Every structure is written in C-alpha cells, then in structure tokens.
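The values are calculated or read from the model by the stated rules, or taken from the named source; none is laboratory data. If you're wondering where the values come from, they're calculated on a predicted model, not measured in any experiment. Positions of Cβ are backbone-derived with ideal geometry, glycine not excepted, and every protein chain shown enters the neighbour counts.
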Amino acid sequence: MAEFTYIDAIRQAQHDLLEQDERVFIYGQDVGKFGGAFKATQGLQAKFPGRVIDSPISEDAMIGMAIGAAVEGMRPLIEVQFADFSSVAFNQIVNHAGTHFYRTGVPIPITVRLPSGGTPGSGPFHSQMMEAIYAHYPGLVVVTPATVSDAYSMLIDSVKLDDPVLYCEHKFLYRWLKSDSMTKGEYLPIGKARIVRAGKHATVVAYSAMVHEALRAAERLAGEGWEVEVVDLRSVKPLDTDTVMASVARTGRLLVIGESFPWGGVTAEVVSRVVAEGFHLLDAPPQRLNARDTPVPYHPNLWEVHRPTLESICQAIHNLLNL
Amino acid sequence: MPDVQTNQSDAACADASRKDLVRRTFYAMIRARALESKLGSLYKAGQIVGGVYLGKGQEAVSASLGASLTKGRDIFAPLIRDQAGRTAFGEDLLDATRTYLGSVLGPMRGRDGNIHRGRPAEGMPAMISHLGALIPMVGGMLMARRLQGRLEGTVGATCIGEGGSSTGAFHEGLNMAAVEKLPFVLVLANNQFAYSTPTAEQFACEHLVDRAKGYGVAGHEVDGTNMLECVDVIGRAVANARAGGGPQLVVANLLRLSGHGEHDDGFYVPDALKDSEVGRDCLDIGEQQILEAGFSTTKEIEEWKESCAEEVQASVATVQQEPKPDPYQDDWRAFSTPGMSGLH
C-alpha cells in the first residue's frame with residue numbers, strides 16, 4: 001500500500017495546482033532546481049519550467065511581488081523558507097495584502113506557505129508559530145492543517161480562494177505523519193473545524209501538530225475512564241466557533257492547546273469566544289495551555305518542555321476534570 | 001488638453017513626438033499645480049479630513065514619467081508627491097478630488113484617503129504608506145505579464161524619495177527587479193528632506209545614482225527643476241526599459257517646495273537652499289523652456305491655466321455635493337470571498 005507523508009501531500013497539491021491552473025506559479029528561496037529547503041517543491045521546476053522561480057533572500061519583495069502578480073491575474077504560491085522569516089515580510093502581508101481588497105475592491109489571491117513550529121535543535125529563529133500574528137489582522141485567512149489529507153485539500157483550497165492565505169504547515173509533521181491516501185476521510189472546507197475524537201467529559205481544542213499530542217493525551221486518559229473530545233480547528237481564521245461551542249455544550253469543560261507563545265493568540269481567542277457566548281454551558285473555568293513565554297530554545301532538553309507535551313496536556317486535562 | 005500629433009516623416013515624427021511629450025508634460029504640471037493649490041486651500045479651510053501632501057517642486061519629474069507611459073499598456077505606481085505624474089498618466093481628476101474629500105463615489109469609497117488611491121486593475125496601484133512597498137509590487141505585475149506572455153513593450157514604473165530609498169523594501173525590491181531584468185523604471189526624487197530629515201542624515205554616499213551600479217541597473221541623474229532635461233532623461237530611461245535594457249534608476253535632484261504635508265510649514269528648510277538652483281520652481285522653468293522652444297505660446301499657457309483652475313473648481317464643487325460614506329451602508333468586508341467576513 002502506498003504511503004504518503006504530510007510533505008508529500010504539500011508537494012502533490014502544488015503539483016496538481018500547477019498542472020490544473022496556468023495562473024499558478026511558485027516563488028521562493030531555493031524552490032527551483034534544489035527543490036526547496038524541505039523538498040516541498042522537488043521536481044516541480046523540471047516539470048513546469050518557468051513557473052517555479054527562485055527568489056533572492058528578500059521576504060518583503062517576495063510577498064510584494066506576489067501582490068503585484070495577483071493584481072495582474074496570477075495565483076502566486078510563495079514559499080517562505082521558515083515561518084519565522086515571514087516577519088521580514090510582515091508589512092507586505094498585513095498592510096499591503098491584508099488591506100488591499102477593503103481599500104481598492106481588488107482581491108489578492110496569494111497563498112503564503114509558512115513552514116512552522118519546532119523540531120529539536122532548530123532554536124529561536126527556525127521554530128516559530130506565526131498564526132496568531134496574522135489572524136489578528138483583517139483580510140487574511142490563516143489555515144493550520146494537521147493531517148495529510150488536510151495538508152493536501154487545504155492547500156488546493158487556499159490557492160483557489162480569492163483572498164490572501166497564510167498556510168501554516170508544521171515541520172514536525174512533514175515526514176512523521178503518514179497516510180495511505182491524500183484524500184482520506186471527510187472533506188471539509190476552510191473555516192470548518194473537525195471533531196477528531198468524540199468524548200463527553202471534556203473538550204480539548206487544538207490545531208496543527210498539537211492535534212496529535214491532544215489525541216495521544218485523550219488515548220491515555222481513556223485508559224483511566226475519561227472520554228475526552230478533541231476538536232481540530234483546521235483554520236484559525238476563520239475560526240469555527242460553532243463546532244467548538246457544540247462540543248462544549250456536550251462536555252461542559254474546555255481546554256485549548258496551542259504551540260504559540262502564551263500572551264493572547266488563538267487559545268485566548270477560543271476561550272474568550274466560548275466564555276462570551278457560552279458561559280452557561282461551562283461547568284468549570286476554561287483552560288489554556290501554550291508554549292512558554294520565552295524564545296523557542298535550541299537544546300532538545302529545553303525544547304521538549306517549551307511546548308505543550310503529552311505530560312503537560314494530560315496534567316492540564318486532569319486539572320480541568322477536577323475543577 | 002494638448003492634441004497628439006500624427007502623420008509625419010521619421011525625423012519630423014521624432015520632433016513632433018518630443019514636442020507632444022513636452023506639451024503633455026507641461027500641461028500635466030499646470031493641471032497638478034492647479035489641483036494642489038486648491039487642495040491646500042481646502043485643507044486650510046478645514047474641508048479635508050486627514051492630511052494633504054503636495055508635489056510642489058516635483059511636477060517636472062513626476063509628469064515626465066507619467067507622460068512617458070501609456071495607460072492601458074504600462075504600469076504606473078505613483079507615490080506621495082506624484083499628482084503631476086498621475087495627471088499625465090491619465091488619472092481622472094475626480095478620482096483625486098473624491099478621495100481627498102471622502103466621496104463614497106471615488107475609487108477608495110472613503111476607506112482610504114488623499115494620495116492613498118489608485119485603480120490597481122487598470123495598472124495604477126494604490127500606494128500604502130510604507131515606503132518602498134510598491135517597488136516589488138510593480139515587479140510582480142511585470143513578472144505576471146512575463147508569465148502570461150504579454151510583457152513585450154510594457155514598462156512598469158514607480159517613484160520614491162531619498163528618504164524612502166533608506167528602507168529595506170527599496171533594497172529588496174530594486175534588487176529583485178534587477179535579478180529578474182524587468183522593464184522597470186524607478187524615479188527617485190531627492191527632494192532634500194524626508195519630512196524634516198536632511199540628506200546628510202539620510203544617506204552617506206556622495207551621489208545616490210552611484211547605487212545603480214551596485215544593483216546592476218542603469219543609472220541616470222537629472223536636474224529635477226529642469227523640465228526639458230526631465231522629459232529627455234526620464235523619457236530615455238522609459239525607452240531603455242521598454243527596449244529590454246532592464247531596470248532603470250533615475251535620480252532627480254530638486255527641493256520639496258512645501259512642507260511634508262500642509263500641516264507642516266517646513267521651517268527647517270534653510271533659506272540658502274530655497275535660494276539655490278535646486279530650489280527653483282520647475283513650473284517657472286518649464287514655462288520659459290516651452291516658450292523658448294516654440295512648443296506653446298503665452299496665450300495658450302494662460303488658457304491652460306485658466307481651464308485647469310476652472311476644471312478643478314468644478315470638480316470640487318461636484319464632489320462636495322456627493323454622498324460621504326455611511327457606516328450603516330459600508331459592508332465592512334475585508335475579504336473578497338463571499339461569507340468569509342461573516343465567519344471571522
């Protein structure tokens with residue numbers, strides 16, 4: 001049986017987009033002959049000559065270029081080598097791409113791939129999660145696929161959208177996460193969350209790589225008799241509050257997990273919405289679990305406990321169940 | 001509006017075409033000055049919400065660029081002091097007055113104001129305030145046309161000041177255009193002050209045009225107060241780009257003859273600089289030049305000035321009667337995708 005990884009799905013989606021839509025082209029550092037720092041574009045330049053273009057180390061210019069190309073009718077697909085470096089393009093993303101449709105009525109259909117999140121040894125500048133920053137700004141769609149099939153379908157859908165999309169792909173999942181199909185399971189559009197494990201005692205909301213940590217925690221707690229429901233947000237903007245609320249209505253308890261820094265962010269947004277709209281549904285104060293409030297450390301001993309871990313998630317769920 | 005000359009022999013055609021270019025440039029300068037003079041008055045009368053940023057002193061440079069480009073074929077991304085370039089390129093006067101006065105009928109519909117306006121789908125992007133951001137955008141518009149097989153004969157141009165040339169976006173954008181060998185023209189108006197910051201605190205090289213060599217692009221330097229020189233040098237830069245000569249950097253030396261905006265009296269600009277050659281008014285010089293060249297007459301210029309002032313007056317009067325944006329009518333949609341904004 002064929003086996004596909006998360007990054008295979010990203011490569012295949014890019015291949016299929018290039019094949020099916022002549023408006024699509026790829027621009028980024030080392031994406032051409034080299035095939036990208038993570039090999040997400042391997043072989044694509046040879047198959048689609050002239051449409052997979054190497055860029056200088058100029059994140060601002062890369063996104064600025066994409067905005068211009070989009071205005072002229074193209075569907076640029078930009079690879080930022082590491083999500084962390086998108087801070088250099090911050091201005092073009094939030095002030096140019098994000099404001100353009102509201103200001104001028106002309107949409108900017110660009111997709112920016114952000115290889116996100118930590119892997120051991122990557123350190124402070126190759127490990128960041130940027131989704132909360134971009135979700136804060138108007139006009140930007142932010143997606144965080146957690147599965148092989150979502151990595152495929154959400155990249156296809158991102159490029160098809162007329163709005164700018166930050167596609168946050170998790171580096172830890174690249175080769176670790178495997179599936180026998182890229183289109184397995186129920187298709188959901190951007191903006192819909194998925195209940196990935198049903199339960200009745202508590203709801204754990206997660207996204208990106210943390211979905212898998214949450215599932216492992218739910219599995220462990222099942223051995224103790226707790227039935228934990230796990231919701232994969234899939235996209236953080238738009239945020240599917242309805243699915244989260246429906247789950248909380250069933251369980252009465254909420255823990256939201258994110259790999260980002262703890263001040264504000266997606267976990268705070270989810271908790272704030274549930275408290276504001278569903279206070280009466282809650283049997284206990286909703287909880288958040290995030291990374292620590294320091295830069296992402298380099299050494300594996302530090303890195304492992306900087307982000308939420310199986311242990312810290314289990315502890316947080318126990319705490320929630322006892323509140 | 002000056003007529004375009006046609007049906008001439010080659011040499012005569014070149015002469016006629018230069019004459020036409022000079023006339024269109026000077027006409028745009030007059031028209032921009034008429035509009036900006038009115039905008040200044042409206043600002044002082046409290047009729048304009050937000051800032052007013054004038055291009056006084058930069059008209060020859062800006063109009064020379066706009067007049068060298070063809071709307072519908074070329075791309076022009078004007079910056080803050082490019083009213084004359086916008087006019088020469090063919091921006092509707094109403095787009096300017098509507099945006100300044102906040103009419104909902106304007107291209108920005110009250111969602112953005114003053115010089116932050118454009119019609120991107122028609123080859124004229126709407127600037128954001130962050131300097132240098134338009135440089136890669138124009139590069140991307142050109143790259144799109146290359147991918148679409150319709151780049152041939154097209155030029156993309158934008159403007160910047162010496163202050164904006166200090167940004168990372170300027171560097172990244174110009175370098176990218178150079179790497180891609182795009183038909184791109186960047187006109188840098190060295191107007192001596194970035195808000196209140198003089199050139200000595202902005203850059204340390206002797207001549208900004210020397211930077212062209214570092215980027216691997218063609219460099220041109222021009223006296224920005226000299227209209228004929230601007231028409232020729234900027235026209236040549238545009239022609240070079242069109243002919244496949246790659247990016248062109250034009251540095252124009254001049255003085256900003258206003259404050260940064262109308263809220264700023266520019267007290268920090270030394271009188272000696274105002275009285276020097278760089279402080280000359282390009283409109284005065286242009287008028288003298290166009291008369292000496294026999295391209296126009298005093299009578300015609302007077303008529304242009306009068307008709308431009310009248311058109312500006314009429315445009316403002318029209319727009320003042322137009323509806324302002326209504327918060328209950330604005331759809332408050334930052335997303336183009338239907339339903340996306342409702343989901344938030």
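Out of everything in the stretch A:54-86 that is small (Gly, Ala, Ser) and more than 8 Å from chain B (Cβ to nearest Cβ), what residue ends up being surrounded by the most Cβ atoms within 10 Å (Cβ to Cβ)? This residue is A:SER86. The set of residues in the stretch A:92-111 that are in contact with a strand residue (DSSP E or B) (Cβ under 9 Å, 6 or more places away or on another chain) and more than 7 Å from every other protein chain (Cβ to nearest Cβ) comprises A:ILE93, A:ALA97, A:PRO109, A:ILE110, A:THR111. Here the condition is being surrounded by fewer than 24 Cβ atoms within 10 Å (Cβ to Cβ), touching a residue at least 40 places away in the same chain (Cβ under 8 Å), touching a Pro at 6+ places or on another chain (Cβ under 8 Å) and within 14 Å of chain A (Cβ to nearest Cβ); of B:ARG73, B:ARG111, B:ARG119, it holds for B:ARG111 alone.
Taken over the stretch A:254-276, the criterion of being of a type outside the set (Val, Ile, Thr), within 23 Å of A:HIS201 (Cβ to Cβ) and surrounded by 23 or more Cβ atoms within 10 Å (Cβ to Cβ) is satisfied by A:LEU254, A:LEU255, A:GLY258. Screening the candidates A:GLY265, A:GLY225, A:GLY258 for the property of being in contact (Cβ under 8 Å) with a residue 40 or more places away in the chain and at positive phi yields one hit, A:GLY265. Over 20 Å from the mean Cα position of the chain (by Cα), within 10 Å of chain A (Cβ to nearest Cβ) and crowded, with 20+ Cβ neighbours inside 10 Å: which single residue out of B:ALA144, B:ALA169, B:ALA177 fits that description? Answer to the selection: B:ALA144. Can you confirm whether B:GLU262 is surrounded by fewer than 16 Cβ atoms within 10 Å (Cβ to Cβ), among the charged types (D, E, K, R) and under 30 Å from B:PRO107 (Cα atoms)? Criteria not met by B:GLU262. Scan the stretch B:302-328 residue by residue and report those that are farther than 18 Å from B:GLN83 by Cβ and among the basic types (Lys, Arg). B:LYS324 - this is the single residue of the stretch B:302-328 that is farther than 18 Å from B:GLN83 by Cβ and among the basic types (Lys, Arg). On inspection, A:LEU140 qualifies as within 17 Å of A:LYS237 (Cβ to Cβ), surrounded by 18 or more Cβ atoms within 10 Å (Cβ to Cβ) and either modelled with pLDDT of 95 or more or outside the structural domain of A:VAL31 (by TED's automatic domain parsing) (or both).
At least 2 residues being surrounded by 23 or more Cβ atoms within 10 Å (Cβ to Cβ) and outside the structural domain of A:SER260 (by TED's automatic domain parsing) is the threshold, and among the strands (runs of 3 or more DSSP E) wholly inside the stretch A:144-230 those reaching it are A:165-170. Set side by side, the residues B:GLN248, B:GLN313, B:GLN289 differ, and just one is over 19 Å from the mean Cα position of the chain (by Cα), touching a residue at least 24 places away in the same chain (Cβ under 8 Å) and under 20 Å from B:VAL187 (Cβ atoms), which is B:GLN289. Listed conditions (1) over 29 Å from B:ALA189 (Cβ atoms); (2) free of Cβ contacts under 8 Å to residues at least 12 places away in the same chain are all met by B:ASP284, apart from (1).
Close contacts from the stretch A:136-160, counting a first residue that is of a type in the set (Asp, Glu) and a second that is at pLDDT 95 or above and in a strand (DSSP E or B), with Cβ to Cβ under 9 Å and a gap of 6+ residues or different chains, come to A:ASP150/A:VAL143; A:ASP150/A:ARG194; A:ASP150/A:ASP232; A:ASP157/A:VAL143; A:ASP157/A:VAL165.
Does A:ALA89 count as closer than 27 Å to B:LEU131 by Cβ, in contact (Cβ under 8 Å) with a residue 12 or more places away in the chain and more than 14 Å from chain B (Cβ to nearest Cβ)? No: the conditions fail for A:ALA89.
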